[in-house]
Amino acid sequence: MNENIIGINSSKGNKIRKLLKGELGLILILVVMLLVFSFLSPYFFTSRNLLNITRQVSITLIVAIGMTFIILTGEIDLSVGSVAALVGVATAFTLKQTGSIFVAILVGICFGAVLGLINGVITVYGKVQSFIVTLAMLGIARGIALVWTNGKPISQLPANFSAMGAGYIGPVPISTIIAACVFIAAYFYLNKTKHGVYIKSIGANREAAKLSAIPVNKYRLLVFIIIGCLAALGGIVTTSRLLSAQPTASEGLEMSVIAAVILGGASLSGGVGTVLGTLLGAMLIGVIDNGMNLIGVSSFFQQIVKGVIILVAVLAKREN
Amino acid sequence: MKEVLVLEKISKSFGGIHALEDVDFSLLEGEVHALLGENGAGKSTLIKILTGVHQKDSGKIKLFGKDVKILNPVDARYKGIAAIYQELSLIEDLSVAENIFLGNEPTKDILGTVNRKELFDLASQKLKKFNIDINPSIKISELGMGQKRIIEIIKALAIDAKILLLDEPTTGMSKVEIETLFKIMKDLKKHNVTMIYISHHLEEVFSVCDRATVLRDGKNVKTFEVENLAIPDLVQAMIGRNLNDEFPKRRGKPGDGIIFSIKNFKSFNMKHEIDLDLKKGEILGISGIIGSGKSELALGLFGVDKKEKGKIYIENKEVNIKNPGDAKKEKIAFIPEDRKTQGLFLNQNLLLNLTVANMELVLNNGVINSRKRKELSTITAEKLKVKPLDLKMQAQNLSGGNQQKIVVGKWLCGVPKIIIFDEPTRGIDVGAKTEIYNLINELADKGTGIIIISSEFKEISGVCDRILVFRNGKVAKEMSAEEATTENILTVALGG
Ligand SMILES: Nc1ncnc2c1ncn2[C@@H]1O[C@H](COP(=O)(O)OP(=O)(O)OP(=O)(O)O)[C@@H](O)[C@H]1O
Ligand SMILES: [Mg+2]
């Protein structure tokens, strides 16, 4: 009896502390940022601007959700920006050839899946660190995109292709809706299916996962394919928004995406992280970007501020 | 005799858990002082406060007569306190020599370049001094559990400590290594090193300790002189009641049908082919010293190590086990020997740890049923008396013995036909051990075939119906429960 009471007490105390360190702490920071920017710019806290922020972070968020999975298994994918760009090119090319948006998107996603599969196979079966494999892929995918297009954008895409990236349903941007769907699906997948449990276990202790009869390599590979597909989706939305495929698009995407995931509380050593945290991390970055633009902070200065905020947030959440 | 260390009213809590409450403790120069208590009593916490891993909430530490603050492990070492923790802290990918002198390497020049030759020479000397036959240049990952423990001890002794803290040093050791350890301890004692010794093997206390202090729920119970003391006194102080029978009698008997058998089986990691039959409801013990190939057999059977040849039959039907997933499909469960590297997901909560191997049982059309999942884990955790029973708690915040209960529990919520336990009671206190033996008996009575691998001869002879003693990767002898006294097993294990 006695120990049960102790157990419950501790779980409550721990819970509050954990929440403060985790999601709740992020929400607090987010609220503070919203207040600060509302105070500094009258336009900031309008529904139009807030929806605009969600549109701006949608691509980061889509890819960051894939990155959450990868980081949960204890790996990393540095190639997401290049994969997004190459997929954008492939999608635009297919669209021009076939005229079918559906086929173009399908081809784009498959492209992403295959690139993810390649990263995965080399990492998992070739036993090379994912940092190195995806660093190589970062160069290769970007290079292919540049060679394919001769460095020039593929433009003059059919106007109705712009819906995904630039369209609205009522006041809500379609890209926001896409990101929300990805978020909900990922949340369900990670928390309500055995795959989610396995993915966390593999990151927490690969050997123990193997001895728990989990097909470890299969799931590690699967996660690489998932992030490939999500990077592809990000690339397609970007292409749609610009109505043109730029081989140089999404450069540095990996950095903002990894920042969002780490801000969200994930640990690079694996096993720890949530998609809700990632959502909040991405929103935080989006709010800071948007707010600073509105109040006219120079873009050079913005980078410094963003870096400092990330450092402070991560330090505040650090386990002692 | 001089008091080298005095603790006064030490308290420490984690969140709402009082790990230590007003604990007093004193250490006399040159003594070996046993620190005893149930799982979660606060023993390791006390050790970690003395080495600066944790900071006490209140109380006083007097070291050699002076009030001190122990800031961190480096500070503790500087003050002459060395420790061997319950969980191994060796770096698997480094050599034995590198581990022994980690952070303390002999250098060649002012830049701090490590003098590798001297490093290996010094390590050889150390090992030779204690008569330990381990090559200093092999990697830690190639050593068995008991050997790792010995290296951990040598590492702690790489500095000239005045106080040595040993937290369950004999876990994973067989008789032979324990003897080595005791010799080292007696030698240190001659050199006036004072020691705190934690163990759940109470008979060890009588071999090496002078006094014993018992903790219960983080509070002092009593300090005994070991002379004119008996095990039941200690047990009474530890768990507050007598323990009639450490090894409960079995009600059932092994059945007639063979549930599991292997013929000429060999994995790439095994030295020789093995044959073995296991009856329904039988508890088969596999014993032998460290390195006799017991765990390798288990890893082979569970599909972790690749099979080279031989056949496996379950209920007389040949099965093909290529990986642990196949083994699970054939309803084999395997509890591995090293909880930290093989058993636990330390940074995950108990809910995940207890259900991860049996997710099918908590799925409804592929969706996790949280209520079922909680129920299942609670039942297992209650059965094993996990304390505190908080499913949201991370495994790493449990005491060592409670972590072990989680490892044992992980497979028990399924309904396996065959269970292989590799050192199941490692770090588990006397009372809880009996509970686990009861549980094993219950499973066997239901017809489950059970293999227990253990280097603890007393356990093997106390629980098993039949015993195989391994030597050099082969079955050296089969014994009945009656034949298998500790002495008999040891003689065969050593090659008598
Ligand atoms: N880092 C931590 N966070 C939360 N609780 C902790 C932490 N470390 C220890 N505890 C709790 O403190 C209590 C005492 O643990 P401790 O490890 O000292 O027990 P122990 O006597 O060494 O037990 P065992 O025989 O199982 O090793 C336990 O209830 C444990 O759950
Ligand atoms: Mg302990």
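The values are calculated or read from the model by the stated rules, or taken from the named source; none is laboratory data. Just so you know, these numbers come straight off a predicted model, no measurement behind them. FYI the Cβ positions are ideal-geometry reconstructions off the backbone, even for glycines, and counts take in every protein chain you see. Accessible surface areas use protein heavy atoms only, side chains included; no ligands, DNA or RNA. Shrake-Rupley method; radii C 1.70, N 1.55, O 1.52, S 1.80 Å.
Report, in listed order, any pair from B:K56/B:K175; B:K108/B:K128; B:K155/B:K219; B:K117/B:K148 with a Cα-Cα distance greater than 28 Å. Don't skip to the answer; put the middle values down first.
Working: B:K56/B:K175 36 Å; B:K108/B:K128 24 Å; B:K155/B:K219 31 Å; B:K117/B:K148 22 Å.
Pairs exceeding 28 Å: B:K56/B:K175; B:K155/B:K219.
Rolled with a 1.4 Å probe across the full set of protein chains, the surface gives A:E207 an accessible area near 70 Å².
Straight-distance candidates among the aspartates and glutamates for linking to B:K79, with alpha-carbon spacing under 18 Å and chain neighbours fewer than 8 residues away dropped: B:E3, B:E29, B:D67, B:D160. Mean residue ellipticity, 222 nm, helices only, chain B: the sum of -39500 (n - 2.57) across DSSP H runs of n ≥ 4, divided by residue count and rounded to 500, is -9000 deg cm²/dmol. Surface listing: B:E177, B:E459 arranged by accessible area from highest to lowest gives B:E177, B:E459, probe 1.4 Å. From the square roots a ≥ b ≥ c of the eigenvalues of the alpha-carbon gyration tensor of segment B:423-469, which class results: rounded (a/c under 1.5), prolate (a/b over b/c), or oblate? Oblate is the answer for segment B:423-469, as a/c is 1.5 or above yet b/c matches or exceeds a/b. With every protein chain in place and a 1.4 angstrom probe, the accessible-area ranking of B:L90, B:L278, largest first, reads B:L90, B:L278.
Residues B:E282, B:E435, ordered by accessible area of protein heavy atoms at a 1.4 angstrom probe radius and largest first, appear as B:E435, B:E282. Cross-link reach is defined here as a Cα-Cα straight distance under 17 Å, omitting same-chain residues fewer than 8 places apart; for A:K200 the lysines meeting it are A:K192, A:K210, A:K218, B:K340, B:K392, B:K410. Taking label points 7 Å from Cα along the Cα-to-Cβ direction, B:I258 and A:T248 give a separation of 7.4 nm.
Applying 1/(1 + (r/R0)^6) with R0 = 41 Å to the Cβ-Cβ distance of B:L243 and B:S137, what FRET efficiency is obtained, to the nearest 0.05? The value I calculate is 0.35.
Only beta bridges with both residues in the protein assembly as shown are counted; by DSSP, about 60 percent of them are antiparallel.
Annotation for A:L24 and A:L294: the two label points, set 7 Å from Cα along the Cα-Cβ direction, are 2.8 nm apart.
Against the globular-protein guess of 2.2 N^0.38 Å, express the Cα radius of gyration of segment B:3-239 as a ratio, rounded to two decimals. Numbers along the way, then the final one.
Details: Rg = 18.0 Å, N = 237, 2.2 N^0.38 = 17.6 Å.
Compared with the compact-globule rule of thumb, segment B:3-239 sits at 1.03.
Note on A:V314/B:E3: beta-carbon distance plugged into 1/(1 + (r/R0)^6) with R0 of 41 Å gives a FRET efficiency of 0.35.
When a/c is below 1.5 the answer is rounded, else prolate if a/b is larger than b/c, else oblate, so apply that to chain B with a ≥ b ≥ c taken from the square roots of the Cα gyration tensor eigenvalues. Don't jump to the answer; show the numbers that get you there.
Values: a/c = 1.65, a/b = 1.39, b/c = 1.19.
It comes out prolate by the Cα gyration axes.
A:C181 contributes about 80 Å² of solvent-accessible surface, heavy atoms of the protein only, 1.4 Å probe.
Quote the FRET efficiency, to the nearest 0.05, computed for B:L363 versus A:Y125 with a Förster distance R0 of 41 Å and r equal to the Cβ-Cβ distance.
Details: r = 29 Å, r/R0 = 0.70.
So, using R0 = 41 Å, E works out to roughly 0.90.
From the alpha carbon centroid of segment B:349-425 to that of segment A:194-231 is 20 Å. Each Lys and Arg contributes +1 and each Asp and Glu -1, all at the Cβ; summed about the Cα centre of segment B:3-239, the dipole is approximately 500 debye.
Output the relative contact order of chain B, whole-number percent, from Cα pairs under 8 angstrom with separation of 6+ residues. Write out the running numbers ahead of the final one.
Values: 1028 pairs, mean separation 79.3, N = 496.
Reported as a whole number, the value is 16 percent.
Which value at 222 nm does chain A reach when only helices count, each DSSP H run of 4 or more adding -39,500 (n - 2.57), with the total divided by all residues and rounded to the nearest 500 deg cm²/dmol? Before the final figure, lay out each step's value.
Details: 14 runs with 244 residues, N = 320.
Computed ellipticity for chain A at 222 nm equals -25500 deg cm²/dmol.
Provide the percentage of antiparallel DSSP beta bridges, counting only those with both residues in chain B; round to the nearest 5.
Numbers: 46 of 80 bridges.
Antiparallel bridges make up about 60 percent of those DSSP assigns within chain B.
At 1.4 Å probe size, with every protein chain present, just tell me what the per residue accessible area of segment B:3-239 comes to in Å². If you can, show how the numbers build up before the last one.
Values: 10260 Å² over 237 residues.
On a per-residue basis, 43 Å².
Stokes-Einstein diffusion for the protein assembly as shown at 4 °C, viscosity 1.567 mPa s, with a Kirkwood radius from C-alpha pairs, works out to 44 µm²/s.
Hydropathy at least 0.0 by Kyte-Doolittle, axial extent at least 18 angstrom from the Cα trace: which helices of chain B, defined as entire DSSP H runs, fit? Write down the numbers at each step before the final one.
Numbers: long enough: B:116-129 (20 Å, -1.10); B:175-190 (23 Å, -0.33); B:370-383 (20 Å, -1.47); B:430-445 (22 Å, 0.04).
TM-like helix candidates: B:430-445.
Centre-to-centre, using Cα atoms only, segment A:53-129 and segment B:257-308 are separated by 46 Å.
Within segment B:413-449, which residues have the backbone N less than 13 Å from the label spot 7 Å out from B:I379 along Cα→beta-carbon, could you tell me? Flagged as within label range: B:413-416.
Taking the Cα centroid of segment B:83-159 and of segment A:132-161, what is the distance between the two, rounded to the nearest whole Å? That distance is 52 Å.
Please give me the summed charge of the neighbours of B:K280: other residues whose Cβ is under 10 Å from its Cβ, Lys and Arg +1, Asp and Glu -1.
Values: positive: B:K279, B:K417, B:K446; negative: B:D256, B:E282, B:E315.
Within the 10 Å Cβ shell, the charges total 0.
Every Cα-Cα pair in segment A:201-249 was counted, and those over 15 Å apart are 58% of them.
Please label the shape of segment A:49-168 as rounded, prolate or oblate, based on the square roots a ≥ b ≥ c of the eigenvalues of the alpha-carbon gyration tensor (a/c under 1.5 means rounded; beyond that, a/b larger than b/c means prolate, else oblate). Mind showing how you got there, number by number?
Numbers: a/c = 2.18, a/b = 1.36, b/c = 1.60.
Cα axes put segment A:49-168 in the oblate bin.
The simple spin-label model puts a point 7 Å past each Cα toward its Cβ; for B:K190 and B:N269 those points are separated by 3.9 nm. Computed with a 1.4 Å probe on the full set of protein chains, the accessible area for B:T448 sits at about 10 Å².
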